[in-house]
Amino acid sequence: MAAPYDLNDDSVVVIIGSGAGGGTLGNELAQKGIDVVVLEAGARIEYEDFINDEWDSFAQLAWLDHRTTGGGWRVSKDFPNLPAWIVKAVGGTTTHWAGASLRFQEHEFKALTNYGKVEGANLLDWPLTLAELEPYYTKAEDKMGVTRTHGIEGLPGNNNFKILKAGADKLGYKECHTGRMAINSAERDDRMSCQQTGFCFQGCKWGAKWSTLYTEIPKGEATGKLEVRPNSHVIRIEHDADGKVTNVVYADKDGNLQSQKARIVCVAGNSIESPRLLLNSASNLFPDGLANSSGQVGKNYMRHTTGSVYAVFEKPVHFYRGTTMAGIVQDEARHDPSRGFVGGYELETLALGVPFMAAFLDPGGWGRAFTSAMDNYANMAGLWIVGEDMPQESNAVKLHAELKDKYGMPIPDVWFTDHANDVAMRNHAYRQGQAIYEAVGATRSFPTPPYPSTHNLGTNRMSEKASDGVVNKWGQTHDIKNLFVSDGSQFTTGAAENPTLTIVTLAIRQADYIAQEMAAGTI
Amino acid sequence: MTTIYEQRPGLSRRELLKRGTIGAALIITGKAVISPDRAWGMEAAALKPETMATLIKLARDIYPHDSVPDRFYAIAVKGHDTKAAGDAAHKELIEAGVADLDKRAGAGGYRGLGWEDDRVAILRDIEATPFFQAVRGDLVVSFYNQKELWPHFGYEGESYSKGGYIARGFDDIEWL
Ligand SMILES: Cc1cc2nc3c(=O)[nH]c(=O)nc-3n(C[C@H](O)[C@H](O)[C@H](O)COP(=O)(O)OP(=O)(O)OC[C@H]3O[C@@H](n4cnc5c(N)ncnc54)[C@H](O)[C@@H]3O)c2cc1C
Ligand code: SF4
C-alpha cells in the first residue's frame, strides 16, 4: 500500500489536486516507479458513500470555499458566489462528471490558423497536433473504457435519448448516437456495468463511470509509490534563489500549516484554483506570481459556450431515468462560418432532478410561467449545448482585492463576459435544439441559460512562445523547469468537445515527459 | 423552534369559529397558524403568526402549484422563523417586507386581496428587493427539495437502492 513520504523528502513529485489531471498523472508516474505525493484539499469519500440526492450530494462533494464573480454573464447575477460547479474531494470533478469523452478535431488545435483573427478574441494555435496526441488519446480511451472506441459497445439509449434521436432524424442529422462515454456498458476493469441509476452527477454509486477516485488512485497506491494526502489544501508554492520550486505549503486537516519538499511540482487544481495558486505564490523574484512572465496566468478563462434546451411533451418521458448524458448530436461540431460564428458545438442529452431543475431551469424565475413548466416535469426531455468559446484576455481568474480565505490568502474573483461569437453560437444551438424537440411534438420548449461552469479551462495556457502563454507543449511552465501544470487550465483553446478525455490524454503524455527528463537529469 | 404539527388536537371547530376566521383562509390563534381543515398547524417562534400566514400565501404566489396543499408551503417558509429567532436583521427584513406588502395591498392587507393577479402585480413591483430575493432564493430550495412533494412532479428520487432503472423503465417510452 501507499508509502507515506516524509515532509522533508525532496525527491518526490508533488501533485496538487487528484482529479482528472492530477489523479491520472499520479498513477502514471507511480507506474513508472516515480515517488509521488498527491495533496488534495478535499476529503476521501468512497463511492459507496455517494448520495442519490442532488442537494445533499452537492453539499458532500462540491467546492464551496468562498468565491466571487463578475462580468456580463448571467451566472454572476444568479449565482454570485458560485461561478463554477466543481468538486473538492479525492477524485476531483471526475466524481461529478457525466462521462462524455470526445477527442478534439484536428482543426481545433489550430484555432488561430483556421478561424483567422477574431476581433476581441485572444486566439492562438496549440503547440500540438492531433497526430501527436493520437497515441495518447488511444491510451486514455482504453484506460477510461470509453464506449464506441476500441470495440467497446455503446450504452443503451434511455427515453431522453430516444426523443433526441427521433428529433435529430427528422432534422436530417446523421451523427446521433449514445455517445462515447467513460461508463461501462459491460463489466470492465473490475468495475460493473451501468445500472441506469440516473445520478451520474452525484457520483456513481456502482463505480460504473470512470473516476480517478476508484481507478487511477488505488492503482497508483498499489505500486507503493503514490501517497494521496486528503484534506491538504495547498496555499503557496515556494522556490529557491535560482527560481526553482522547492516545496509547497499546505494546511492540513486541522488547519495547521505544513511544508512538503519536492523535486517537481505539478499543479492540477482545476482552472480557478491553479492560477490562483500561482498568483498567490508571488515572491520578490516573481512579483507577478509564479510562471507569469507572459502575464497570462489567470487570463483567457474559458467555460465553453453552453446552455440547455428543455422541452415538454404531451406524454411522459421520465428523462431522469438512466444515464444523465445519454446521447449526442455531433453534426454541428464542425467549423462552418456560414452559420454566423467560428467553431462548432455538440448537443448532448441532459436531465436534472426536480430540485436542480427548479434552481436551474430559469434562475430567478417564478410565477405560473415557471410552475407550469415544473408541473410538466415528468413529460420533459432535455439537452445541453457545449461549444467552443473564444478566449478573451479580460475573462480572467483574479485575486480578490480585499476578501481572504481562512488561511489569509486572497480568494478568486472570476470574470466572464460572452464574446459575440459565443452569443451567436448559443442562439444557433438554441434554435436547433428547439427544432429537434418541436419536430417530435414538443408543445413548449425552454432555452435555458448556462449553469455555473462545469468546464473550466485556459487560465494557464499552452503556447509555443513563452511570451504568449504559461506552459509549453508538455505542460511545463516556460519560466520554471520543475513546475508543471497538469489540468484543463493548460488548454490553449477550448474546442467543441467536453474536456476531460483531453486532460487525461495530456496527463499521460506529460508523465512520459517527466520520467524522461528526470532520467536525463534535466529536472 | 418553529414547529409544524399535524392534526393539532384540542381546538374544536366551535372554538375556532369563536376565535374568528374559518373557511379558505389560514387561522391565526395565539402564536400558531392553523390550516382551515385543521390538518396541520405551525407554531411561530420569532415572527408574528400573521407574518407566517402571509409568507405561506406569498410562497404559493411565487410558486403556484394548485394541487399542492398549503402544508408544503408552510414547511418551505418555516426556516425564516427559525432564522429570525437567532438573527435580528433577518427578522426585521421579513417583518418589514411583509408590512410593506400589506401596505401596498391597502385595506385588508396582502392576504385580503382576492385575485392572484393583484397580488402578483405587487410582487412584480418588489421583485428586485432584498426581501423578495431572500424569500424566493430560499424557497426554490426549501419548497422543491421536499421529498414528499416529488411524486407530484412525477420524480422518483433515489434509485440506487432499487437497482437503478435498468429493469425499471429507463427506455420504456412507447408513444414516440
Ligand atoms: C456536473 C458535471 C458534469 C461534467 N461532465 C463532463 C463530461 O461529461 N465530460 C467531460 O469531459 N467533462 C465533464 N465535466 C468536467 C470535468 O469534470 C472536468 O473537466 C475535469 O474533472 C477537470 O479536471 P481537473 O483535473 O482540471 O480538475 P478536477 O477534476 O476538478 O480536480 C481538481 C482537484 O484539485 C483539488 N484542489 C484544488 N485546489 C487545491 C489546492 N489548493 N490544494 C489541494 N487540492 C486542490 C480539488 O479539490 C479537486 O479535487 C463535468 C463537470 C461537472 C461538474
Ligand atoms: S446511470 Fe450509470 S453511470 Fe450514471 S450513476 Fe447510474 S450506474 Fe453510474
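The values are calculated or read from the model by the stated rules, or taken from the named source; none is laboratory data. Keep in mind that what you see is a predicted model, and the values were worked out from it rather than measured. Cβ sites come from the backbone with ideal geometry, for glycine too, and all protein chains shown count toward neighbours. Accessible surface is based on the protein model in full, side chains and every heavy atom, while ligands, DNA and RNA are left aside. Shrake-Rupley method; radii C 1.70, N 1.55, O 1.52, S 1.80 Å.
Counting just the residues of region A:406-447 that are in a loop (DSSP other than H, G, I, E, B) and open to solvent by less than 40 Å² (accessible area, probe 1.4 Å), which one comes out nearest to the other protein chains (Cβ to nearest Cβ)?
My answer is A:Val440.
Which residue out of A:Lys110, A:Lys77, A:Lys88 is modelled with pLDDT under 95 and charged (D, E, K, R)? Write out each step before concluding.
Numbers: A:Lys110 fails: modelled with pLDDT under 95; A:Lys88 fails: modelled with pLDDT under 95.
Answer to the check: A:Lys77.
Any idea which of (1) touching a residue at least 40 places away in the same chain (Cβ under 8 Å); (2) more than 8 Å from chain B (Cβ to nearest Cβ); (3) not aliphatic (A, V, I, L, M) is the one A:His318 doesn't satisfy?
If we test A:His318 against (1) touching a residue at least 40 places away in the same chain (Cβ under 8 Å); (2) more than 8 Å from chain B (Cβ to nearest Cβ); (3) not aliphatic (A, V, I, L, M), just (2) comes out false.
If A:Ser467 satisfies all but one of (1) within 16 Å of ligand 1 (Cβ to nearest atom); (2) among the polar types (S, T, N, Q); (3) assigned to a loop (DSSP other than H, G, I, E, B), what's the number of the condition it fails?
Only one criterion is unmet by A:Ser467, namely (1).
Does A:Asp56 qualify as being within 16 Å of ligand 2 (Cβ to nearest atom), open to solvent by 40 Å² or more (accessible area, probe 1.4 Å) and at pLDDT 95 or above?
yes
Does region A:338-373 hold any residues that are free of Cβ contacts under 8 Å to residues at least 40 places away in the same chain, among the polar types (S, T, N, Q) and within 14 Å of chain B (Cβ to nearest Cβ), and which are they?
A:Thr371, A:Ser372
Looking for whichever is in contact (Cβ under 8 Å) with a residue 24 or more places away in the chain, touching a helix residue (DSSP H, G or I) at 6+ places or on another chain (Cβ under 7 Å) and either on the phi > 0 side of the Ramachandran plot or basic (Lys, Arg) (or both) here; the options are A:Gly91, A:Gly120. Which one fits?
A:Gly91
Tally time: how many residues in region B:143-161 are at the interface with chain A (Cβ under 9 Å from one of its Cβ atoms) and either assigned to a helix (DSSP H, G or I) or closer than 15 Å to A:Ile51 by Cα (or both)?
12
Please enumerate the residues belonging to region A:3-33 that are in a loop (DSSP other than H, G, I, E, B), among the aliphatic types (A, V, I, L, M) and in contact with a Ser or Thr (Cβ under 9 Å, 6 or more places away or on another chain).
A:Leu7
Tell me which residues, restricted to region A:463-475, are open to solvent by less than 10 Å² (accessible area, probe 1.4 Å) and small (Gly, Ala, Ser).
Selection gives A:Ser463, A:Gly469, A:Gly475.
Kindly provide the set of residues from region A:476-491 that are surrounded by fewer than 24 Cβ atoms within 10 Å (Cβ to Cβ) and touching a His at 6+ places or on another chain (Cβ under 8 Å), ordered by number.
A:Ile480
Condition check ((1) away from ligand 1 (no atom under 11 Å from the Cβ); (2) β-branched (Val, Ile, Thr); (3) open to solvent by 20 Å² or more (accessible area, probe 1.4 Å)) across all residues:
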site: A:Asn184; (1), (2), (3): yes, no, no
site: A:Cys200; (1), (2), (3): no, no, no
site: A:Thr215; (1), (2), (3): yes, yes, no
site: A:Glu227; (1), (2), (3): yes, no, yes
site: A:Ala241; (1), (2), (3): yes, no, yes
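Scan the helices (runs of 4 or more DSSP H) fully inside region B:61-142 and keep the ones with 3 or more residues being open to solvent by less than 40 Å² (accessible area, probe 1.4 Å), at pLDDT 95 or above and within 14 Å of another protein chain (Cβ to nearest Cβ).
Filter on region B:61-142 gives B:70-86, B:116-126, B:130-142.
Kindly provide the set of residues from region A:165-218 that are polar (S, T, N, Q), assigned to a helix (DSSP H, G or I) and farther than 20 Å from A:Phe319 by Cβ, ordered by number.
A:Thr212
Got a number for residues in region A:362-393 being surrounded by fewer than 20 Cβ atoms within 10 Å (Cβ to Cβ), in contact with a helix residue (DSSP H, G or I) (Cβ under 8 Å, 6 or more places away or on another chain) and among the hydroxyl-bearing types (Ser, Thr, Tyr)?
Matching residues across region A:362-393 total 0.
Kindly check whether there is at least one residue in region A:150-173 that is within 16 Å of ligand 1 (Cβ to nearest atom), away from chain B (no Cβ under 14 Å) and either surrounded by fewer than 22 Cβ atoms within 10 Å (Cβ to Cβ) or on the phi > 0 side of the Ramachandran plot (or both).
Checked region A:150-173: no residue is within 16 Å of ligand 1 (Cβ to nearest atom), away from chain B (no Cβ under 14 Å) and either surrounded by fewer than 22 Cβ atoms within 10 Å (Cβ to Cβ) or on the phi > 0 side of the Ramachandran plot (or both).
Against the conditions (1) under 21 Å from A:Gly343 (Cα atoms); (2) within 14 Å of chain B (Cβ to nearest Cβ), where does A:Asn379 fall short? Just the number, please.
Every listed condition holds for A:Asn379 apart from (1).
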